[in-house]
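The values are calculated or read from the model by the stated rules, or taken from the named source; none is laboratory data. Computed from a predicted structure; not experimentally measured. Every residue, glycine as well, gets a Cβ built from its backbone with ideal geometry; the counts of neighbours run over all protein chains shown.
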Amino acid sequence: MAATHTIGRRKTSVARVYMSEGKGSIVINGKDYKEYFTVATLVYKVEQALALTETLGKYDVKINVDGGGITGQAEAIRLGLSRALCEINPEHRLVLKPEGLMTRDPRMVERKKFGQKKARKKFQFSKR
């Protein structure tokens, strides 16, 4: 089996996921995923798609992720893994879709507008 390549995005984070059959190692930017993400909730997010489809330990996963913060990166990886699992076996979609793992979260930071302090906050108005 050749490596399956998918992309996951969240905010400004982009995760490139390469999945192939193996012993279950997950490497993110050259580090083990538990070393890369030290927070337990982020480790859970990375493992979530594999745990739901009962494929944890069946695939070797190599991930390149950049941009954004650690939470956005973890969620981008989760989407990339979900897409890769569905590419390998379309039946996994029936498990992942109801959990919301196949949906690209479209929320981004709103841009700052000119003549304002921030995206929505205005400068203080003075009548006199």
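Before moving on, here are some points about what is shown:
- Tally of residues being in a loop (DSSP other than H, G, I, E, B), more than 17 Å from the chain's Cα centre (by Cα) and surrounded by 11 or more Cβ atoms within 10 Å (Cβ to Cβ) across the range 90-117: 4
- Candidate set: the range 1-24, residues that are small (Gly, Ala, Ser) and either touching a His at 6+ places or on another chain (Cβ under 9 Å) or within 19 Å of Cys86 (Cα to Cα) (or both); chosen: the one surrounded by the fewest Cβ atoms within 10 Å (Cβ to Cβ): Ala2
- Residue within the range 27-38 that is at pLDDT 95 or above, within 22 Å of Leu96 (Cβ to Cβ), part of a strand (DSSP E or B) and in contact with a Phe, Trp or Tyr (Cβ under 6 Å, 6 or more places away or on another chain) present: yes
- Long-range neighbours under 9 Å by Cβ, at least six apart or interchain, first residue within 27 Å of Gly72 (Cα to Cα) and in contact (Cβ under 8 Å) with a residue 24 or more places away in the chain within the range 108-128, second surrounded by 10 or more Cβ atoms within 10 Å (Cβ to Cβ) and basic (Lys, Arg): Met108/Lys11; Val109/Lys11
- Matching residues in the range 34-46 - criterion: being of a type outside the set (S, T, N, Q) and surrounded by fewer than 16 Cβ atoms within 10 Å (Cβ to Cβ): Lys34, Glu35, Val39, Ala40, Tyr44
- Filtered by the rule that a residue be in contact (Cβ under 8 Å) with a residue 40 or more places away in the chain and more than 18 Å from Ser20 (Cα to Cα), the range 72-94 gives Gly72, Gln73, Glu75, Ala76.
- Condition broken by Gln73, with the remaining ones in (1) under 20 Å from His5 (Cα atoms); (2) in contact with a Phe, Trp or Tyr (Cβ under 9 Å, 6 or more places away or on another chain); (3) surrounded by fewer than 22 Cβ atoms within 10 Å (Cβ to Cβ); (4) not charged (D, E, K, R) satisfied: (3)
- Enumeration of residues in the range 1-57 that are among the acidic types (Asp, Glu) and touching a Leu at 6+ places or on another chain (Cβ under 8 Å): Glu47
- Every pair of residues 6+ apart whose Cβ atoms lie under 8 Å, when the first sits in the range 32-58 and is under 14 Å from Ala74 (Cβ atoms) while the second is loosely packed, with under 14 Cβ neighbours inside 10 Å and modelled with pLDDT of 95 or more: Tyr36/Asn29
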